[in-house]
Structures are given as C-alpha cells and as structure tokens.
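Only one structure is covered here, and it is reproduced in the block below.
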Amino acid sequence: MGDAVERLRAAGVPVVAEPAAQPWGERMAVVRDPDGNRVLVAERG
C-alpha cells in the first residue's frame, strides 16, 4: 500500500488521506484524480 501511494505522489497525484489501518482490517488511502474526484485505494489486511 505504501509503495503504491508513494508512486502516485511521485507522479504528482494529490494524497488526501495517508494510508491508515481501518477497524475492519483493511488499509486505506485517498487520492484525488485530475478531475478532482476522490479515489479510494485499499488493501485487505
């Protein structure tokens, strides 16, 4: 997860929420696409 978010950040993608563990066992981050939409990036725990 962290590597994916760092690659997106290096490509200039704004990171809205850093990767964080969720109570239900997933790690999630939020980025913004070129149109301003929020995109959820998740991985199972």
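What follows is calculated from the coordinates using simple rules that are stated; it is not laboratory data. Since this is a predicted model, take the numbers as computed values, not measurements. All Cβ positions, glycine included, derive from the backbone under ideal geometry; neighbour counts span all protein chains shown.
A few comments on the model shown:
- Being surrounded by 11 or more Cβ atoms within 10 Å (Cβ to Cβ) and not hydroxyl-bearing (Ser, Thr, Tyr) is a property that Ala10 lacks.
- Condition met for Val39 (surrounded by 11 or more Cβ atoms within 10 Å (Cβ to Cβ), part of a loop (DSSP other than H, G, I, E, B) and not aromatic (Phe, Trp, Tyr)): no
- All of (1) surrounded by 13 or more Cβ atoms within 10 Å (Cβ to Cβ); (2) part of a strand (DSSP E or B) hold for Val5 with one exception: (2).
- If you go through the stretch 17-45 and keep only what is hydrophobic (A, V, I, L, M, F, W, C) and in contact with a Lys or Arg (Cβ under 8 Å, 6 or more places away or on another chain), you end up with Ala20, Ala21, Val30, Val31, Val39, Ala42.
- Inside the stretch 21-38, residues that are touching a helix residue (DSSP H, G or I) at 6+ places or on another chain (Cβ under 9 Å) and hydrophobic (A, V, I, L, M, F, W, C) make up a count of 2.
- Subset of the stretch 13-32 that is under 15 Å from Gly45 (Cβ atoms) and more than 8 Å from the chain's Cα centre (by Cα) - its residue that is surrounded by the most Cβ atoms within 10 Å (Cβ to Cβ): Arg27
- Taking each residue of the stretch 22-42 that is over 15 Å from Asp3 (Cα atoms) and looking for partners that are among the charged types (D, E, K, R) and outside any strand (DSSP E or B) with beta-carbon atoms closer than 6 Å, six or more apart or interchain, yields Glu26/Arg44; Val39/Asp33.
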